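Below is one structure, written out as structure tokens; comments come after it.
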Amino acid sequence: MFLGSNPPKKGEIEDLERFVRKEMKEVLAQVRQNPLPLVAMGGTVRNLAKLAQRRGDYPLDLVHGYFLSREALEEAVEILAQRTLEQRRQLEGLQSDRADVIVAGALVYRTVLREAGLDGLWISGQGVREGAFYREFLPAPHLLSDVRGFYVRNLFARYPQDFSHTARVRHFCRLLFRLLAPLHGYGPSEEQLLDEAALLHDIGMSIGYYDHHKHGEYLVMSAAIPGLTHREQVLLGLLVRYHRKGEPRPGAYKSVLQDGDTKRLLRLAALLRISEYLERSRVGRVEGLEVEIGSQQVRLTLLAQEEPWVELTETRKQAKLFRQAFGLELLVEWKPRG
């Protein structure tokens, strides 16, 4: 209707923008009065997101849940509008069969963001087809009550492990998190993330025992997990990666994380790793925990019927990581349960 030239002319672009403002006048007015997050779906906006990710060296190959900023979209429009159809087909991140309509689509989204005064929009990796599927197979109102929990549990179900071991590691994580709350000061969001990492920490064994922590990170990061932001998914993947050894660090994912997340990763990884080694023999020898927090050290007492020497030995090896995370020495002891 508007962009007949190759590349489009300034007047054609202005005509399209006027059309969008007119057609969406009422909607845009409502958004300005009551600003809410804008979620966009479809192949056009996904390609715009991929183009922005390539130009910004985004470290994740994930589109669903990506926040496309207005600034990045403005830059993408300038790049696309100045190129011919043939040149657009050569752009990295852009599907060649989208090159003919991508400029018009980008201009529509740019106009909406400008007129609504929004900083950007969120990308949905799901669209009409998925909506039809949910309507057919989920009871009304065709929505999941817990999107995040459903997809995390589904990931575990695809790569099942020893349920008893996993349950005990999750139990120790919850216990340590709450007992050490005066040290870390974290809340429900970190506790949920730690619990999810405990659930998924061994899924890499479905690929192989050796380096299963690395395989697990790959499985967590290989596809979008609806309900988690990219930041949360990165933290989850890194917790799985460092659940058994290595110095927890963001690495290539650093640009996705926020201030304080490096320390948050270190502390949650320490709790997960200690919980893993409290279950080292995988037979449930440790039945309970006691924690005493002092000014110089934390005393962790393992409650068990008989001395759990394997768990004592392996947990004591985590004292260095604990000191890095919390700034205190870790003293691990055993007391008969009775």
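Of all the criteria given as (1) in the same structural domain as residue 71 (by TED's automatic domain parsing); (2) more than 15 Å from residue 42 (Cβ to Cβ), the one not satisfied by residue 142 is (1). Just one of (1) under 20 Å from residue 228 (Cα atoms); (2) loosely packed, with under 13 Cβ neighbours inside 10 Å fails for residue 199. It is (2).
With the condition kept exactly as written, say whether any residue in region 177-190 is touching a His at 6+ places or on another chain (Cβ under 7 Å) and farther than 13 Å from residue 268 by Cβ. Checked region 177-190: no residue is touching a His at 6+ places or on another chain (Cβ under 7 Å) and farther than 13 Å from residue 268 by Cβ.
The numbered conditions (1) over 18 Å from residue 190 (Cβ atoms); (2) exposed (fewer than 14 other Cβ atoms within 10 Å of the Cβ) are all true for residue 244 except (2). Of the helices (runs of 4 or more DSSP H) lying entirely inside region 14-108, those containing at least 3 residues that are over 28 Å from the mean Cα position of the chain (by Cα) and either within 29 Å of residue 227 (Cβ to Cβ) or free of Cβ contacts under 8 Å to residues at least 12 places away in the same chain (or both) span 25-33. A Cβ distance below 7 Å, combined with a sequence gap of six or more or placement on separate chains, defines the contacts here; from region 243-261, residues that are in the same structural domain as residue 172 (by TED's automatic domain parsing) reach residues that are in a loop (DSSP other than H, G, I, E, B) and among the hydroxyl-bearing types (Ser, Thr, Tyr) in the pairs 248/242. Residue 312 - would you say it is free of Cβ contacts under 8 Å to residues at least 24 places away in the same chain and either within 21 Å of residue 213 (Cα to Cα) or surrounded by 14 or more Cβ atoms within 10 Å (Cβ to Cβ) (or both)? So residue 312 passes the test.
The values are calculated or read from the model by the stated rules, or taken from the named source; none is laboratory data. Since we're looking at a predicted model, the values are computed, not measured. Don't worry about glycine lacking a Cβ; one is built from the backbone with ideal geometry, like all the others, and counts go over all protein chains shown.
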